[in-house]
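The values are calculated or read from the model by the stated rules, or taken from the named source; none is laboratory data. On a predicted model such as this, the values are computed, not experimentally measured, just so you know. Positions of Cβ are generated from backbone atoms using ideal geometry, with glycine treated the same way; all protein chains shown enter the neighbour counts. Areas reflect the complete protein model, heavy atoms only, side chains present, ligands, DNA and RNA absent. Shrake-Rupley method; radii C 1.70, N 1.55, O 1.52, S 1.80 Å.
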Amino acid sequence: MKRRNFIKDCSVAASAFSIIPSHLLARKGNSPNDKIQIGFIGAGRQGRGLMENFVNYSEAEVISVCDVDFEKTTLFSKKLNQKLTENQRSNRKIKEFLSYRELLDDKELDAVVIATPDHWHAQMSVDSAKLKKDVYCEKPLSSSVYEGRAIVDAARKYQIIFQTGSMQRSWGQFRHAVELIRNKYIGEVKTINVAIGAPYISCDLPTQPTPKNINWDDWIGPAPYRGYHKDLACPIGDNRWAQWRNYFPFGGGMVTDFGAHMFDIVQWALDKDQTGPTEYIPPVTSSNIGLSFRYQNGIEVNHRKWGRGNNEIQFIGTEGKLEVSRGYIKTYPDRSLAKKTIDKVNYERVYLSDNHHKDWLKAIKKRIPPICDVEIGHRTATVCNIVNIAYALQRPLNWNPNSEKFINDPGASLMLDRTYRGKWNYKDF
């Protein structure tokens, strides 16, 4: 896709990205060519992993971190300096905070990486936008449709650069798959099978004593309160991915966790980044697999296990099949397409990014939309969240992606938002 077409398709005026905003020029001696000053919100396994990438980039400097667990902020700083030593760069003391709002108040800060549990994404993204901090937020973008739209609106209002962490858009095999689909190398796509795992379950974990190193009330944040359990927030030394992602209201199960990756590739391949499906049909005999959703053009996507495991996509067209995952890309009947370099004159190309993090940094410098702009992240998260609603209600749902409303279903409409507790209100911007 030509650059001008990509910018035109984004739901924001190009002028919103055409200037360097005042917050980037406010610091003494700063210029558009200076290093982008980044703070990390969330110092757990994912946050530390992202930091070990960002610390390699000359365009940026990690200056701060916050987490409700002070042991994790300490470990984050230690790991940061280990990476700096490996890169033969000078160690430094970064600012450590227990409150993300204190981190955001830092006048030196240009941008934030949000790597917290999903239930915090909306509030932190909106608060960051209000203070004109550019945002890289982990997927899924939101835990509800209304949250996602609020994040988009806040990002547009305050003219920030927002990258959703759906990094498969910056991986070569997925980009190649998308271009093969768009250029009809398997004909017209009729059916898509996606294996990603199950929807969320209710959290029935027993309450355990809260460790002294964690502020549990702030970990819960806007969600309904419940007691601590180590599976929700794995302590240092427990190298599992934390299980909060499986439990409502903290996560959306694998439907949002890996759906935010795999449904995202479906959206991209079908050129639906500004819209989405119109029908969601749950299965009659199961509550966690077998749902289908359809786009207005009739293409059907099935949530089902079809291959060797989870996290695989199978596109079935009128002239062949294409299968793609993080480990492979395969095409049938012409197996050579999976590795073939296409050089047709009229071949449609999509946005080229081969590094998701550096693409965001480039977008910040140039004030242009990155590969997975906030609207794109919102539309994919909407698909994931409505799949979960359909599984929960166990009835077909009709959706208008333009108005972002259910058609004649007030009960389902109640699930488009979620109640926040206490002092938090993501809509306040």
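I'd like the full set of residues that are surrounded by fewer than 11 Cβ atoms within 10 Å (Cβ to Cβ) and either in a loop (DSSP other than H, G, I, E, B) or touching a Phe, Trp or Tyr at 6+ places or on another chain (Cβ under 9 Å) (or both), limited to the stretch 406-427. Once the filter is applied, which keeps residues that are surrounded by fewer than 11 Cβ atoms within 10 Å (Cβ to Cβ) and either in a loop (DSSP other than H, G, I, E, B) or touching a Phe, Trp or Tyr at 6+ places or on another chain (Cβ under 9 Å) (or both), the stretch 406-427 yields Asn408, Thr419, Gly422, Lys423. If you go through the stretch 152-172 one residue at a time, do you hit one that is open to solvent by 20 Å² or more (accessible area, probe 1.4 Å), in contact (Cβ under 8 Å) with a residue 12 or more places away in the chain and in contact with a Leu (Cβ under 7 Å, 6 or more places away or on another chain)? No, that holds for no residue. For the stretch 307-323, how many residues are modelled with pLDDT of 95 or more and farther than 28 Å from Val152 by Cα? Count: 11.
Restricting attention to the stretch 355-377, the residues that are among the β-branched types (Val, Ile, Thr) and open to solvent by 10 Å² or more (accessible area, probe 1.4 Å) total 1.
Among helices (runs of 4 or more DSSP H) entirely within the stretch 189-305, having at least 1 residues that are within 30 Å of Asp428 (Cβ to Cβ) and free of Cβ contacts under 8 Å to residues at least 12 places away in the same chain singles out 216-220.
Checking the condition open to solvent by 10 Å² or more (accessible area, probe 1.4 Å), on the phi < 0 side of the Ramachandran plot and of a type in the set (A, V, I, L, M), which residue from Val266, Val284, Val301, Val255 passes?
Values: Val266 fails: open to solvent by 10 Å² or more (accessible area, probe 1.4 Å); Val301 fails: open to solvent by 10 Å² or more (accessible area, probe 1.4 Å); Val255 fails: open to solvent by 10 Å² or more (accessible area, probe 1.4 Å).
After ruling out the rest, the residue left standing is Val284.
Out of curiosity, is His357 in contact with a helix residue (DSSP H, G or I) (Cβ under 6 Å, 6 or more places away or on another chain), over 23 Å from His119 (Cβ atoms), part of a helix (DSSP H, G or I) and at pLDDT 95 or above? Even if it seems obvious, please write down each step before you answer.
Details: in contact with a helix residue (DSSP H, G or I) (Cβ under 6 Å, 6 or more places away or on another chain): yes; over 23 Å from His119 (Cβ atoms): yes; part of a helix (DSSP H, G or I): yes; at pLDDT 95 or above: yes.
In short, yes.
Take Ser403 and decide whether it is in a loop (DSSP other than H, G, I, E, B), open to solvent by 20 Å² or more (accessible area, probe 1.4 Å) and within 27 Å of Val126 (Cβ to Cβ). Spelling it out, Ser403 is indeed in a loop (DSSP other than H, G, I, E, B), open to solvent by 20 Å² or more (accessible area, probe 1.4 Å) and within 27 Å of Val126 (Cβ to Cβ).
Only one of the numbered conditions (1) at pLDDT 95 or above; (2) among the polar types (S, T, N, Q); (3) open to solvent by 50 Å² or more (accessible area, probe 1.4 Å) is violated by Asn91, and that is (1). Take the residues of the stretch 340-354 that are at pLDDT below 95 and open to solvent by 100 Å² or more (accessible area, probe 1.4 Å): which is nearest to Gly377 (Cα to Cα)? Of everything passing the filter in the stretch 340-354, Arg349 is nearest to Gly377 (Cα to Cα). Scanning the stretch 378-400 for residues that are touching an Asp or Glu at 6+ places or on another chain (Cβ under 8 Å) and crowded, with 17+ Cβ neighbours inside 10 Å returns Arg379, Thr380, Thr382, Leu397, Trp399.
The requirement of being hydrophobic (A, V, I, L, M, F, W, C) and at pLDDT 95 or above is not satisfied by Leu337.
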